[in-house]
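The values are calculated or read from the model by the stated rules, or taken from the named source; none is laboratory data. Since the structure is predicted, the reported quantities are computational estimates derived from the model, not experimental observations. So basically every Cβ, Gly included, is an ideal-geometry build from the backbone, and we count neighbours across all protein chains shown. Note: accessible area is taken over every heavy atom of the protein model, side chains too, but ligands, DNA and RNA are not part of it. Shrake-Rupley method; radii C 1.70, N 1.55, O 1.52, S 1.80 Å.
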Amino acid sequence: GSCGCADFYGCDNAAYYGTYFVNVNEHCAPWDDWAKGGGCGKDNNMACDTLGGWRDFDDGYRTRIDWGHSGETVYGMQYKGIKFEVHPDDLWKVDPNFVKLGVFNEDYCMGPTPEGVLYNAWDRNPDASRNLKGDGAPGWWVPNTGHDNVVRSLRPFVDFYDWMAGAQYPSGVGVKMNVWPDRHMSTPFDQIQTFPNLPDGSSQQAEDQVWCMNNGDGGAWSRVWESSAHFPYVPAGSIQFGLSDAAMCSWDRQTYCDAIDKDNTCLAVRLYYYGDNAPDYTGMGGWDDDRWVAETYINMHHLCDDNDNSFCINMGDGSTDASDQFYNDATDKGVCADAWFTDHNGNPYLGDGANGPQLWFTNYIVQIMDNCQGG
């Protein structure tokens, strides 16, 4: 078609082209100790391509290469088709039926996927003109909704659960949390480690976590990321929460949302401060431990509605933006909601005084709570 695509070739008129490396070693299955120990390369096959964000001055910002749109941002573009395939030189390494692509219309691989599906690198039932071997052809997907499809993040991966006979997807729905050191998903938007984005000139990249979670199962308890430059602390200026099919759980996002009572279900979050010797989950005192500093309750309508499908929350109430060296009204205003994190008295969390609205926390509990209306 007009995209100039061909099998085992690519597309001459693509708006964006990306090459991704995934580890197909069977020890890189999510349940393997080698994978859990970091032996499978970048993010252990869980990488999410953020497409660089929307700020043209931000590190990682990317632009389109197609005629008539040159220089426009890739992030948030509308698209009519996806060409996704395993490089022909690598077809002997992996069955392309198990190589998949998640295309998400929200940041950091959250929110809905087009038509609620993942794309395969191999099409088992292609148009007859493309049936090169009689058993399928490289993935070339044209969603029915055409120009209505918006992409803000991508996740290419090997679906080891599909590959390994008898493997069961973890129980629950995918829940994701992404933490930025500054308000409004800033600065920078991408997970870049060397940008001096804290008041003392030090650097803290955005950090994220994803789980498979069920209603009322107690959720995820943890000390913060050891990858944090300030471990055992993570400085938080804004945090995004969302449901995600990138987690590969037993419930996909849409099926889960259709099954629950969204009016009476919340994603409940508490952030704790345990100090320099913060314990892992085995030493935490539980949800009601009085060392929690800030909490929020997000009604599932915010995470299940396709038009409002992830939720970013700032620390603070917005009163410090005018004096924030990283704040830009043109690119940041309204990106994240203010005053949703509250303290023990139910007032908006405004910070500890030393770090402005930023919260340096050491532990968290994130859970899906029934009989909860939230905000």
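Which of the residues belonging to region 208-229 are within 26 Å of Pro196 (Cα to Cα) and polar (S, T, N, Q)? Matches in region 208-229: Gln209, Ser227, Ser228.
Residues that are buried (at least 24 other Cβ atoms within 10 Å of the Cβ), under 24 Å from Gly286 (Cα atoms) and touching a helix residue (DSSP H, G or I) at 6+ places or on another chain (Cβ under 8 Å) are absent from region 216-227 altogether.
Checking every residue in region 11-19 against the condition of being at pLDDT below 90, out of contact with any Ser or Thr (no Cβ under 7 Å at 6 or more places or on another chain) and either over 28 Å from Gln205 (Cβ atoms) or not β-branched (Val, Ile, Thr) (or both) gives at least one match.
When region 319-338 is filtered for residues that are open to solvent by less than 40 Å² (accessible area, probe 1.4 Å) and free of Cβ contacts under 8 Å to residues at least 60 places away in the same chain, only Ala337 remains. For Ala322, the conditions (1) aliphatic (A, V, I, L, M); (2) in contact with a Phe, Trp or Tyr (Cβ under 8 Å, 6 or more places away or on another chain); (3) in a helix (DSSP H, G or I) all hold with the exception of (2). Considered as a group, the residues in region 138-166 that are open to solvent by less than 30 Å² (accessible area, probe 1.4 Å) and part of a loop (DSSP other than H, G, I, E, B) include one that is modelled with the lowest pLDDT, and that residue is Pro143. Against the list (1) under 23 Å from the mean Cα position of the chain (by Cα); (2) at pLDDT below 90, the condition Thr73 fails is (2).
Just so you know, in region 20-42 the residues that are loosely packed, with under 14 Cβ neighbours inside 10 Å and modelled with pLDDT under 85 include one that is farthest from Trp225 (Cα to Cα), and it is Glu26. Quick check on region 46-103: of everything there that is among the small types (Gly, Ala, Ser) and closer than 20 Å to Trp141 by Cα, which residue is surrounded by the fewest Cβ atoms within 10 Å (Cβ to Cβ)? Restricting to residues being among the small types (Gly, Ala, Ser) and closer than 20 Å to Trp141 by Cα, the top hit is Gly76. The listed residues are Gly351, Gly374, and the only one of them that is assigned to a loop (DSSP other than H, G, I, E, B) and touching a Cys at 6+ places or on another chain (Cβ under 8 Å) turns out to be Gly374.
Going residue by residue through region 170-182, is there one that turns out to be modelled with pLDDT of 90 or more, among the aromatic types (Phe, Trp, Tyr) and assigned to a loop (DSSP other than H, G, I, E, B)?
no
Of the candidates Asn363, Asn355, the single residue that is among the polar types (S, T, N, Q) and open to solvent by 40 Å² or more (accessible area, probe 1.4 Å) is Asn355. Within region 293-305, if we keep just the residues that are open to solvent by 20 Å² or more (accessible area, probe 1.4 Å) and in contact (Cβ under 8 Å) with a residue 40 or more places away in the chain, the residue that is nearest to Tyr169 (Cα to Cα) turns out to be Tyr297.
Identification of strands (runs of 3 or more DSSP E) wholly contained in region 35-127 with 2 or more residues that are out of contact with any Asp or Glu (no Cβ under 9 Å at 6 or more places or on another chain) and among the aliphatic types (A, V, I, L, M) yields 99-104.
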